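Structure first, then comments.
The values are calculated or read from the model by the stated rules, or taken from the named source; none is laboratory data. The model shown is predicted, which means the values in this text are computed figures rather than measured ones. Every residue, glycine among them, receives a Cβ derived from its backbone with ideal geometry; neighbour counts consider all protein chains shown. Just so you know, the surface numbers come from the protein's heavy atoms only, side chains and all, with ligands and any DNA or RNA stripped out. Shrake-Rupley method; radii C 1.70, N 1.55, O 1.52, S 1.80 Å.
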Amino acid sequence: MTNDTSNTMWGGRFAAGPDAIMEAINASIGFDKRMAAQDIAGSRAHAAMLAATGIVQTSDADAIREGLLTILSEIESGKFAFSTALEDIHMNVEARLTDLIGAPAGRLHTARSRNDQVATDFKLWVRDQLDASEQGLLQLIDALLGQADAGADWVMPGFTHLQTAQPVTWGHHMMAYVEMFGRDLSRVRDARVRMNESPLGAAALAGTSFPIDRQMTAQALGFDRPAANSLDAVSDRDFALEFLGAASICAMHLSRLAEELVIWSSAQFRFVSLSDRFSTGSSIMPQKKNPDAAELIRAKVGRIFGANTALMMVMKGLPLTYSKDMQEDKEQVFDAADNLMLALAAMEGMVRDMTANRENLAAAAGSGFSTATDLADWLVRVLGLPFREAHHITGALVAMAEKAGCDLPDLSLEQMKSAHAGITDDVFTVLGVENSINSRVSYGGTAPAQVRAQIARWKETLG
């Protein structure tokens, strides 16, 4: 039997045995270094508060804050040497601070714990992502409003089951996505308000006996107030879950729009032309123009949904307060945030650059008996028929047109009358696509006037 440690259960990578494995599983610096700016901001606020309350000398607090700025500069310039042995961003920063300023660095951790420190850092990081998401959504909504404004009266088919249903306008279709992303915007803003409470000062879990001023640190870090319960403050990750929940719904909306762009840009539809900036060619087929950006956005939703599920699973069985399981809260959130921001930026670019093919949209709008519902509505409105009877008569006329190889407006009056004697020439006024969309004047309908009213409402809302 060999004693070669590379063949032990630890594997070659962990030839040093259990110590190496423990260091590898325990360390988070490989990913939580992304919170360096937030960690330093929290420490600077904490140091200022310690001085203001007389817990540490002002000279020590000043040295700490200056040292932290030096460290931030080193990190931003790529000169900082991160150490896995020091586990996380907090200990890496504190160790470097000791190198820079000596004994005063040891006073920084007075009246706090890594538990409230990491909760604060993570909240600050997620809050920054919510702010970035808000800006990304505002830019995407602006691009959609531009498309809607340009094509408020351009006709196109509206679909159910991806089958032609009724004529709508291009502007109306674009505004449907404005509503979706508008709700995403509302969720992002709402989540930010709810999460904006400072954990700093909760210490390990029970608060501290030092006379700290939690209002001061909360205000310095842009929080509305300190978290009211120290147990909850260090164990809460709802803010990250809310971000992932909002991100998941937003990613789903992005995926739906991406799917439509994939379909619409195909040779079979030719509803839109995507710019070369967001398309690629084929390595073997020179005629191809692939909507790769849309397809990748469509795929991103899996990673974001997965992050949401993963963090739910981490948190679901944890007793109060902090458990090391919670170290697994960040990588998924970081990945989801990166992919959400990338997807938002790519979709905004595609929407802003794409060209709607008005002629193809109009040609498709009149196909597939798209004005059948208008005919049924006319039978109800003008002849006073019950809708179910009108539906039956319209179905018979659709079958007649299908058999004759024509559309409803191409049937003669005599053919129409064979289905119901009361039908008059007036019926043809509702069978045109333009007449159909102009008649949909109910609030939120596809009539161009309604579309323009909604565009104006959104522009006023967004300022």
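Return the residues of the range 287-327 that are in a helix (DSSP H, G or I), over 30 Å from residue 233 (Cα atoms) and either over 19 Å from the mean Cα position of the chain (by Cα) or of a type in the set (D, E, K, R) (or both); say none if nothing qualifies. Answer for the range 287-327, where residues must be in a helix (DSSP H, G or I), over 30 Å from residue 233 (Cα atoms) and either over 19 Å from the mean Cα position of the chain (by Cα) or of a type in the set (D, E, K, R) (or both): 292, 295, 298, 300. Restricting to the range 17-37, name every residue that is closer than 18 Å to residue 334 by Cα and either open to solvent by 60 Å² or more (accessible area, probe 1.4 Å) or touching a residue at least 60 places away in the same chain (Cβ under 8 Å) (or both). Within the range 17-37, 27, 28, 29, 30, 31, 32, 33, 34, 35 meet the criteria. Can you tell me which residues in the range 367-389 are surrounded by fewer than 21 Cβ atoms within 10 Å (Cβ to Cβ) and of a type in the set (Ser, Thr, Tyr)? Answer for the range 367-389, where residues must be surrounded by fewer than 21 Cβ atoms within 10 Å (Cβ to Cβ) and of a type in the set (Ser, Thr, Tyr): 367, 373.
Restricting to the range 433-446, what's the tally of residues that are in contact with a Ser or Thr (Cβ under 7 Å, 6 or more places away or on another chain) and part of a loop (DSSP other than H, G, I, E, B)?
So in the range 433-446, the residues in contact with a Ser or Thr (Cβ under 7 Å, 6 or more places away or on another chain) come out as 433, 435-437, 440, 446.
In the following step, the residues that additionally are part of a loop (DSSP other than H, G, I, E, B) were identified as 440, 446.
Going through the range 433-446 one residue at a time, the tally reaches 2.
Please work out which residue is least open to solvent (accessible area, probe 1.4 Å), limiting yourself to the range 350-361 and to residues that are in a helix (DSSP H, G or I) and closer than 14 Å to residue 269 by Cβ. By that ranking, first place goes to 361.
One line per residue, one yes/no per condition, for (1) modelled with pLDDT of 95 or more; (2) surrounded by 22 or more Cβ atoms within 10 Å (Cβ to Cβ); (3) in contact with a Ser or Thr (Cβ under 8 Å, 6 or more places away or on another chain):
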position	(1), (2), (3)
136	yes, yes, no
183	yes, no, no
194	yes, no, no
200	yes, yes, yes
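Sub-6 Å Cβ pairs linking a first residue in the range 309-337 that is over 19 Å from residue 243 (Cβ atoms) and in contact (Cβ under 8 Å) with a residue 12 or more places away in the chain to a second residue that is of a type in the set (Val, Ile, Thr) and not in a loop (DSSP other than H, G, I, E, B), at least 6 apart or interchain, are 321/234; 322/234, ordered by first then second residue.
Please tell me if residue 112 is under 25 Å from residue 23 (Cα atoms) and either free of Cβ contacts under 8 Å to residues at least 40 places away in the same chain or of a type in the set (Lys, Arg) (or both). Working first, answer last.
On the way: under 25 Å from residue 23 (Cα atoms): yes; either free of Cβ contacts under 8 Å to residues at least 40 places away in the same chain or of a type in the set (Lys, Arg) (or both): yes.
It is true that residue 112 is under 25 Å from residue 23 (Cα atoms) and either free of Cβ contacts under 8 Å to residues at least 40 places away in the same chain or of a type in the set (Lys, Arg) (or both).
What is the residue count in the range 399-427 for residues that are in a helix (DSSP H, G or I) and open to solvent by 60 Å² or more (accessible area, probe 1.4 Å)? Outline the logic, then answer.
So the first thing to find is which residues in the range 399-427 are in a helix (DSSP H, G or I), and the list is 399-404, 408-410, 413-419, 425-427.
Next cut, open to solvent by 60 Å² or more (accessible area, probe 1.4 Å) only: 402-404, 410, 414-415, 417-418, 425-426.
Going through the range 399-427 one residue at a time, the tally reaches 10.
If you go through the range 41-58 one residue at a time, how many are of a type in the set (Ser, Thr, Tyr) and free of Cβ contacts under 8 Å to residues at least 12 places away in the same chain? Give the steps one after another, and end with the answer.
We begin by selecting, within the range 41-58, every residue of a type in the set (Ser, Thr, Tyr); these are 43, 53, 58.
With free of Cβ contacts under 8 Å to residues at least 12 places away in the same chain added as a condition, the list becomes 58.
Result for the range 41-58: 1.
Based on this model, can you work out whether residue 83 counts as out of contact with any helix residue (DSSP H, G or I) (no Cβ under 9 Å at 6 or more places or on another chain) and either of a type in the set (S, T, N, Q) or free of Cβ contacts under 8 Å to residues at least 40 places away in the same chain (or both)? Let's see the steps before the verdict.
Values: out of contact with any helix residue (DSSP H, G or I) (no Cβ under 9 Å at 6 or more places or on another chain): no; either of a type in the set (S, T, N, Q) or free of Cβ contacts under 8 Å to residues at least 40 places away in the same chain (or both): yes.
No: the conditions fail for residue 83.
Scanning the range 399-429 for residues that are in contact (Cβ under 8 Å) with a residue 24 or more places away in the chain and acidic (Asp, Glu) yields a count of 3. Scoring residue 85 on the criteria (1) modelled with pLDDT under 90; (2) touching an Asp or Glu at 6+ places or on another chain (Cβ under 8 Å); (3) surrounded by 15 or more Cβ atoms within 10 Å (Cβ to Cβ) leaves a single failure, condition (3). Residues in the range 159-171 that are part of a strand (DSSP E or B), of a type outside the set (A, V, I, L, M, F, W, C) and open to solvent by 10 Å² or more (accessible area, probe 1.4 Å): 4 in all.
For the range 336-349, a tally of residues being buried (at least 17 other Cβ atoms within 10 Å of the Cβ) and either under 30 Å from residue 436 (Cβ atoms) or out of contact with any Cys (no Cβ under 7 Å at 6 or more places or on another chain) (or both) returns 9.
Being at pLDDT 95 or above, farther than 20 Å from residue 226 by Cα and either out of contact with any His (no Cβ under 7 Å at 6 or more places or on another chain) or crowded, with 19+ Cβ neighbours inside 10 Å (or both) is a description that applies to residue 69. Within the range 214-230, if we keep just the residues that are open to solvent by 60 Å² or more (accessible area, probe 1.4 Å) and not hydrophobic (A, V, I, L, M, F, W, C), the residue that is nearest to the chain's Cα centre (by Cα) turns out to be 224.
Looking at 148, 152, can you tell me which residue is over 27 Å from residue 211 (Cα atoms), open to solvent by less than 10 Å² (accessible area, probe 1.4 Å) and part of a loop (DSSP other than H, G, I, E, B)?
Details: 148 fails: part of a loop (DSSP other than H, G, I, E, B).
One residue alone meets the criteria, 152.
You will find that of 364, 396, the residue that is buried (at least 17 other Cβ atoms within 10 Å of the Cβ), outside any loop (DSSP other than H, G, I, E, B), touching a residue at least 12 places away in the same chain (Cβ under 8 Å) and of a type in the set (Gly, Ala, Ser) is 364 and no other.
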